[in-house]
Amino acid sequence: MASTLFRTIQIHPFLLYPTALFSRRNGVLYCTMKSSQTQTATQEKQQPPKVKVPQHALKKTVDKITRDYEAIIGIETHVQLSTLTKAFCSCPYNYGSQPNTSICPICMGLPGALPVLNSKVIEFAVKLGLALNCKLSLNSKFDRKQYFYPDLPKGYQISQFDIPIAIGGCVDLDLPLEFGGGHRKFGITRVDLNRAGVPLLEIVSEPDMRTGIEAAEYAAELQRVVRYLGISNGNMQEGSLRCDVNVSIRPVGQSEFGTKVEIKNLNSFSSINRAIDFEISRQALLHSQGQSDQIVQETRLWEEGAQKTVTMRKKEGLSDYRYFPEPDLPEVILTQEYVDSISNSLPELPEAKRRRYEKMGLSMQDVLFLANDMNVAEYFDATLSSGADIKLAANWIMGDIAAYMKNEKLSINDIKLTPQELAELIASIKSGTISGKIGKEILSELLAKGGTIADPVEIGKMIDKVISENPKQLEQYRSGKTKLQGFFAGQVMKLSKGKANPGLLNKILLEKLNGQS
């Protein structure tokens, strides 16, 4: 296994234990959706004055309680696929489109309208299954999942129940040292084809995780994988990747699972981390105060503003969904030849890329940054293919180029500097043709305006102008101070506003300085 570290999730200040948890002497007070604002206000007036307890003291109290319990965490991840049309009809799907502008009789569940499976959905499901080390089901089927929801006109969802398309995979990752470190392997139970309108893949993990940071890192790796595969943009803000977290706790040493609570409305990896840590604390406090019966199987909502979970609804059981085989769709039958062709077309995945970068001698910080974004990794690889020094290329991309992209709110695909131009700039600095300071000035011009001058005649004219304006430096150079070549190169670069091709400039400059032309 690759001994690599993953991108660190930014942890916000410790806000997981609001004072509401400690506002009563003989119980725990936490918000539910059943209480009206008027009732809550009345209750607050009747309560005795709250004793102010320092936050660090609350944290110590909670930490002491939670040490006696072990959390059991599993995640259901829904990935919206980047297909041109929906799963069972030819209607397009575009995020942010006007309501009811991309619908048809199939979407609306009208009588007699029959679904037709989008083959791209199967292809993407197989890709993801292979990437997650799953065992594929060569024969799978669709099922109807019955429930009522305002945007579900049929009254059921076309999903997969007992024979999903992929089962039994795993995700390997190493946690950052600041969060305890160590290697983890998280199991994948199944990958389901889900939801009748917009195509979704559901990835169900084993209950292998024990902390919020483990769960957040797992979800971040799934996002990287789907983006590398090109099957989804993975944007949590758009709902293209949604995580429903299941959390329960049990006393340390107990083998039996506790009551499971599902948490929804998690729109970032940091919120996954904070919501889980809050819920672990909430359940541990109830256990410690003899109120474990108040932990019920339910769906809770994460409130980002209040930094707490609140009751949303009671959790349905499998029997409530009344699954049965979908009568309007045939079985999905995959051939080994089809699976092999997709397997052979898979790109280099995040873990393999990190491992390769490690073998190049890059630091963990470099590896995490470069491999986190597929486009950044491709830019880095293209720069190396143009002959750039590995460490210098990583430093320039992670430093000045990353700062420019952040300030200008651009992606690496939007900048005008090409990998070839960056490689030539790095080569000029490494050879001493130009200084690092001049290199930074040139980089700024290339990032903003792009393009290089590769016309030898035009570059020659600029060199002649610089030499004619600096006779003293020319005399010193020809007297043996050859390091002044960098001075002349820098002046030409300034004159060309960073656009002179570094390799061609260096060649012509040497010829003119040595009096060969």
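The values are calculated or read from the model by the stated rules, or taken from the named source; none is laboratory data. Every value quoted in this text rests on a predicted model; they were computed, and no experiment measured them. Neighbour counts are summed over all protein chains in view; Cβ atoms, including those assigned to glycine, are modelled from backbone coordinates with ideal geometry. Note: accessible area is taken over every heavy atom of the protein model, side chains too, but ligands, DNA and RNA are not part of it. Shrake-Rupley method; radii C 1.70, N 1.55, O 1.52, S 1.80 Å.
Applying the condition of being free of Cβ contacts under 8 Å to residues at least 12 places away in the same chain and closer than 25 Å to D328 by Cβ to the stretch 77-100 and asking which residue is surrounded by the most Cβ atoms within 10 Å (Cβ to Cβ) yields P92. When the stretch 439-490 is limited to residues that are open to solvent by 50 Å² or more (accessible area, probe 1.4 Å) and part of a loop (DSSP other than H, G, I, E, B), the one that is nearest to K416 (Cα to Cα) turns out to be T452. Residue pairs whose Cβ atoms lie under 6 Å apart, separated by 6 or more positions or on different chains, with the first residue in the stretch 114-141 and open to solvent by less than 10 Å² (accessible area, probe 1.4 Å) and the second aliphatic (A, V, I, L, M) and in a helix (DSSP H, G or I), are V126/I342. For K512, the requirement of being outside any helix (DSSP H, G or I), under 27 Å from Q420 (Cβ atoms) and either polar (S, T, N, Q) or touching a residue at least 24 places away in the same chain (Cβ under 8 Å) (or both) is not met. Of G258, G290, G361, all but one fail to be free of Cβ contacts under 8 Å to residues at least 40 places away in the same chain and assigned by the TED database to the domain that holds D208; the exception is G290. One residue stands out among those in the stretch 416-433 that are open to solvent by 10 Å² or more (accessible area, probe 1.4 Å) and in a loop (DSSP other than H, G, I, E, B): the one that is farthest from A489 (Cα to Cα), which is K416.
Scanning the stretch 190-201 turns up no residue that is β-branched (V, I, T), out of contact with any Lys or Arg (no Cβ under 8 Å at 6 or more places or on another chain) and at pLDDT 90 or above. Scanning the stretch 149-175 for residues that are without any contact (Cβ under 8 Å) to a residue 60 or more places away in the chain, of a type in the set (A, V, I, L, M, F, W, C) and in contact with a Lys or Arg (Cβ under 8 Å, 6 or more places away or on another chain) yields I163, A166, I167, C170, V171. The residues in the stretch 329-359 that are open to solvent by 60 Å² or more (accessible area, probe 1.4 Å) and over 19 Å from the mean Cα position of the chain (by Cα) can be counted, and the count is 13.
N413 meets all of the listed conditions (1) assigned to a helix (DSSP H, G or I); (2) closer than 30 Å to F369 by Cβ; (3) not hydroxyl-bearing (S, T, Y) but one, namely (1). Scanning the stretch 492-517 for residues that are polar (S, T, N, Q) and open to solvent by less than 60 Å² (accessible area, probe 1.4 Å) yields a count of 3. If you go through the stretch 191-213 and keep only what is touching a strand residue (DSSP E or B) at 6+ places or on another chain (Cβ under 7 Å), open to solvent by 10 Å² or more (accessible area, probe 1.4 Å) and not polar (S, T, N, Q), you end up with R195, A196, V198, E202, V204, E206, P207, D208, R210. Taken over the stretch 222-259, residues that are open to solvent by 30 Å² or more (accessible area, probe 1.4 Å) and not in a loop (DSSP other than H, G, I, E, B) amount to 3. Among the conditions (1) open to solvent by 60 Å² or more (accessible area, probe 1.4 Å); (2) among the acidic types (D, E); (3) more than 29 Å from V116 (Cα to Cα), D277 misses just one, which is (1).
Counting the residues of the stretch 461-517 that are of a type in the set (S, T, Y) and at positive phi gives 0. Annotation: of all residues in the stretch 372-407 being small (G, A, S), within 25 Å of P347 (Cα to Cα) and part of a helix (DSSP H, G or I), the one that is most open to solvent (accessible area, probe 1.4 Å) is S385. Quick one: in the stretch 142-152, of everything that is open to solvent by less than 40 Å² (accessible area, probe 1.4 Å) and not charged (D, E, K, R), which residue is farthest from P164 (Cα to Cα)? Among residues in the stretch 142-152 that are open to solvent by less than 40 Å² (accessible area, probe 1.4 Å) and not charged (D, E, K, R), the one farthest from P164 (Cα to Cα) is L152.
Assess whether F161 counts as being of a type in the set (F, W, Y), under 30 Å from the mean Cα position of the chain (by Cα), open to solvent by less than 80 Å² (accessible area, probe 1.4 Å) and at pLDDT 95 or above. So F161 fails the test. For the stretch 314-326, filtered to residues that are more than 14 Å from D244 (Cα to Cα) and in contact (Cβ under 8 Å) with a residue 40 or more places away in the chain, the residue that is most open to solvent (accessible area, probe 1.4 Å) is R322.
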